[in-house]
Amino acid sequence: MRCARLARIIGALVLVGCLAACSAIKLAYNNLPEVSYWWLDSYVDFDSTQTPRVRDELTQVLEWHRQNELPKVIDLLRQTRTLAANDVTPAQACELVESIQARLLALSDRAVSAGADVAMSLSDAQLVHLERKYARVNADYGKEWIALSLKDQREKRYEQFLDRSEDFYGRLDPAQRDLLRRQIAQSGFDPREVDASRRTRQQEILVLLRRLLTEKAAPADAQAAVRAFVRHVAEPTGTERERRQAQREESCRNIAELHNQTTPAQRSKARQRLQAYEDDLRELASAL
């Protein structure tokens, strides 16, 4: 799952939807307001008047998520655990991906009021800070991906996918590892496209924030603008829509193909892992 597509000003909140990748799920979940605050602060450098408001909003969003979204995430894990016992089709894998995206979009919609409130309070200096942060992020991505040769890019992706797959299924056998390498070699992934898309989103965010600052928008208008932007990012049009659709279809095919080559023992391990996540989330949901 890739959560960075949401507006950076509220993007840290989407970490809630990615907890299945955390090794200490309960600790990570309960600490999300604090972690999210520092993540956001690194982008905009909150002042002393903004800090308590942002912390309070993050805490409220987490409690909303605990009450309203955790039960839906638990149900999604249960569905995934059931599917993991048997072969799956790319269509089934895509249904799960779409369900995850729906939960992330629900979270972003809930966070709109908080995001708009923060956006309206930003100063010119903070927008300059944000722009410089984007430049550093882009430079780091360039070093980590774009500067690599195609061979090194593929090897890096292979190691990443291998780690994730083995964390879920246990050790992959040689044939399964060969499959991963073939999938990566045939992938349409291009870090330059990722970089260009992210830079476009960054500029759109800066334009939106500067417009809200210049126009001194009313709260309702600011919320509408932020909500429209979040929807624009989540549901793009034109070539960006085509690119994401191709990525989604490729991911669904690859997920199904690898899963269908796993052994009963590997599927059992995957189901146990999903059950453990489910149990942890049930405990979190009950801690109201």
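Computed over every Cα-Cα pair of the stretch 8-286 and binned at 5 Å starting from 0, the pair-distance distribution P(r) comes out as 1, 5, 10, 13, 16, 16, 15, 12, 7, 3, 1, 0, 0 percent. Under the combined filter of DSSP loop state and at most 13 neighbouring Cβ atoms within 10 Å, the stretch 28-120 retains none of its GluC sites (Glu not before Pro).
In terms of other Cβ atoms within 10 Å, His259, His65 run from fewest to most in the order His259, His65.
Would you mind checking the stretch 232-273 for residues with the amide N under 18 Å from a putative spin-label position 7 Å along Cα→C-beta of Arg177? It comes to 258-259, 261-263, 266, nothing else.
What's the FRET efficiency of Leu206 with Tyr141 using the Cβ-Cβ distance as r and R₀ = 22 Å, to the nearest 0.05?
Numbers: r = 18 Å, r/R0 = 0.80.
Calculated value: 0.80.
Residues Asp280, Asp152, arranged from fewest to most other Cβ atoms within 10 angstrom of their Cβ, appear as Asp152, Asp280. Model label sites at Gln272 and Ala246, defined 7 Å from Cα along the beta-carbon direction, differ in position by 4.1 nm. Convex hull volume of the Cα atoms of the stretch 102-230, normalised per residue: 136 Å³. Label-to-label distance, Ala285 versus Ser149, with points set 7 angstrom from Cα along the beta-carbon direction: 5.0 nm.
Evaluate the Debye formula for the stretch 178-245 with equal point scatterers sitting on the alpha carbons, no solvent, and hand back log10 of I(q)/I(0) at q = 0.18, 0.22, 0.29 Å⁻¹, in q order, two decimals. Log10 of I(q)/I(0), two decimals: -0.79, -0.99, -1.24.
Model label points for Ser42 and Leu27, set 7 angstrom from Cα along the Cα-to-Cβ axis, are 1.9 nm apart. In the stretch 8-286, a dipole from Cβ-located charges (positive for Lys and Arg, negative for Asp and Glu) runs towards its positive end, and of Leu130, Leu274, Ile184 it is Ile184 whose Cα lies farthest in that direction.
All of the numbers you see were taken from the coordinates with simple rules; none came from a lab. Predicted model, so just to flag it, every value in this text is computed and none were measured. Note that each Cβ is placed from the backbone with ideal geometry, even for glycine, and that neighbours are counted across all protein chains shown.
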